[in-house]
């Protein structure tokens, strides 16, 4: 603003054209600065994709599409045999379990905080949630390794294994032996890590529901549950799904904590109590001392994670579009 | 990506050199000898005023750095073959040793009580032996009470020189291991959980009952883990001691190995510890910066002469005198000043 008033002062007697052109210059500059910032995102993204493709090219040439469904990961074989099935499986399973736990719990906390919680407890609970988001992932990894892992291996897993022993399918999913380091333990850590994303975004969007809508619903005799289900959630659907997607993105790519607690085994086991690995854990573990085809294979894994995340987000967008169509917007 | 890595590493090295004095020697490579190299550098600086800048970026990085001539010396846990040395105009020698020991967590079993041989160890890591009271383990340990519980196998998840030496030993001890898995810094483990770093494996072993793993001797000692004895190539059971480690190095035939390409696992000799490993230094025969190169040799000579005790304090094993004398000859013959 200061600039513009200077221009007007300099013009002496009121000069409309000059003043306007000064405004225009400001506008154009502003337009280009924001536009360049937006374009730079695309450039950076493109740069990442290109360098990934270049780095992954030797492995792509060597293994082709069979990379996707080969389970063997033998970097020391001659020539190395590399397949991504194990890490892909681990990434999907841990993320799925993590989301299955974190979505209901996260939404539950958010509903409690905005609709049911007494005023005095809101701030402490809200802050605790945000603090969860601030804890570095290595701390989660260490906590998972020293505290959660032993608890799960000694108490929770034997219990589940006993309950489901002999039950078809479920018996194989919850099969022993109990282990500190497993897909399930990693998924649980992930669930805790992504919880704040879902919760704080949901809280924020739940607060945007116009009070008059809720009051009207309560006025016709709705229960809190009915208000949440039929007014709050439909009104804030897009925001909630955005939060869930952010959480899923983190779950898919989380590295440090998962590497600590997943057991880093490339073999696929039917049991979720068996060790596994994820794409990012595999890269983090092996990249430093890798070379040649092995390194290229790890970069190809990175590219896969990139593509996987892209598809998940695209699928979420599609789902959102269909929901909105259905809602008649 | 290699290119990127090189640039980053070179940047780090360059940044550190400009910050330090001109007389400083720069080196980069293996993480395993980092503690002893920095301790030596400290003492050397106090004595002579000359500093040493060592970046522990991993053995692979060390080899790449010396090939790219961005450092005065490179360091690697796995030696380069003679042809490779010739091609790059490099000289290589062993600087200091470490040893790898199997560790277990078994109730009532004390350090050194259990004994394994390579074959049994390989079969455990192959998943062929799954219970502690397996006949093969019982046969080696008739006086130890072994539970009939499942063995939890722990190994490294990250690529490492430790894994290279351990799998190299298993390959020498078991034909089955050699044909199915082989050796490498990261291999296709048939069973077990992977933990990051020596500290990760130590942590896992101390927390998990009925587990077995392998770590650098220093980690086993400092974390008071239950290490085991091993039956060596001569068929004698040995305990992990500095004498046993040095015996392995002394019994290795360095004189006939071009470029000191000796992997110290499974060496002959009644007293040799079977999984011993040297870590190596790489330098150019004819360096661009000859003054720095001479300075580095001075430092290594000093470290061989005065650094033995410091190495032992940190649970490394100094090279035996016979090897040091040979290295001295190599310097005189091959490094041009």
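Can you say whether residue A:316 is part of a helix (DSSP H, G or I) and within 28 Å of residue A:74 (Cα to Cα), as far as the supplied structure shows? Considered against the rule, which asks whether it is part of a helix (DSSP H, G or I) and within 28 Å of residue A:74 (Cα to Cα), residue A:316 comes out as no. Among the candidates A:79, A:75, the residue that is under 29 Å from residue A:187 (Cα atoms), within 14 Å of chain B (Cβ to nearest Cβ) and in contact (Cβ under 8 Å) with a residue 12 or more places away in the chain is uniquely A:75. Being buried (at least 17 other Cβ atoms within 10 Å of the Cβ) and within 14 Å of another protein chain (Cβ to nearest Cβ) holds for only one residue in B:191, B:242, B:238, B:262, and it is B:191. Looking only at residues in segment A:281-291 that are facing chain B (nearest Cβ under 10 Å) and without any contact (Cβ under 8 Å) to a residue 40 or more places away in the chain, which one is nearest to residue B:157 (Cα to Cα)? For segment A:281-291, the residue satisfying everything is A:285.
Residues of segment A:126-159 that are more than 14 Å from chain B (Cβ to nearest Cβ), at pLDDT 90 or above and surrounded by 14 or more Cβ atoms within 10 Å (Cβ to Cβ): A:135, A:140, A:156. Is segment B:43-60 home to any residue that is over 19 Å from the mean Cα position of the chain (by Cα), buried (at least 24 other Cβ atoms within 10 Å of the Cβ), assigned to a helix (DSSP H, G or I) and at pLDDT 90 or above? Checking segment B:43-60: not a single residue is over 19 Å from the mean Cα position of the chain (by Cα), buried (at least 24 other Cβ atoms within 10 Å of the Cβ), assigned to a helix (DSSP H, G or I) and at pLDDT 90 or above.
For residue A:296, the test of being at pLDDT below 90, surrounded by 21 or more Cβ atoms within 10 Å (Cβ to Cβ), within 14 Å of chain B (Cβ to nearest Cβ) and within 30 Å of residue A:46 (Cβ to Cβ) is failed. The condition (being more than 23 Å from residue A:259 (Cβ to Cβ) and assigned to a helix (DSSP H, G or I)) is satisfied by just one residue among A:38, A:102, A:59, A:98: A:38. If you go through segment B:128-180 and keep only what is in contact with a helix residue (DSSP H, G or I) (Cβ under 7 Å, 6 or more places away or on another chain), facing another protein chain (nearest Cβ under 10 Å) and part of a loop (DSSP other than H, G, I, E, B), you end up with B:157, B:158, B:159.
The condition of being out of contact with any helix residue (DSSP H, G or I) (no Cβ under 6 Å at 6 or more places or on another chain), closer than 19 Å to residue A:184 by Cβ and at the interface with chain B (Cβ under 8 Å from one of its Cβ atoms) holds for only one of A:265, A:269, that being A:265. Would a scan of segment B:270-289 turn up a residue that is buried (at least 16 other Cβ atoms within 10 Å of the Cβ), part of a helix (DSSP H, G or I) and in contact with a helix residue (DSSP H, G or I) (Cβ under 7 Å, 6 or more places away or on another chain)? No, segment B:270-289 contains no residue that is buried (at least 16 other Cβ atoms within 10 Å of the Cβ), part of a helix (DSSP H, G or I) and in contact with a helix residue (DSSP H, G or I) (Cβ under 7 Å, 6 or more places away or on another chain). Of the residues that make up segment B:60-79, is at least one more than 14 Å from chain A (Cβ to nearest Cβ) and under 17 Å from residue B:229 (Cα atoms)? No, because not a single residue in segment B:60-79 is more than 14 Å from chain A (Cβ to nearest Cβ) and under 17 Å from residue B:229 (Cα atoms).
The values are calculated or read from the model by the stated rules, or taken from the named source; none is laboratory data. Computed from a predicted model, the values in this text were never measured in an experiment. Here Cβ is always computed from backbone atoms with ideal geometry, including for glycine, and neighbour counts include all displayed protein chains.
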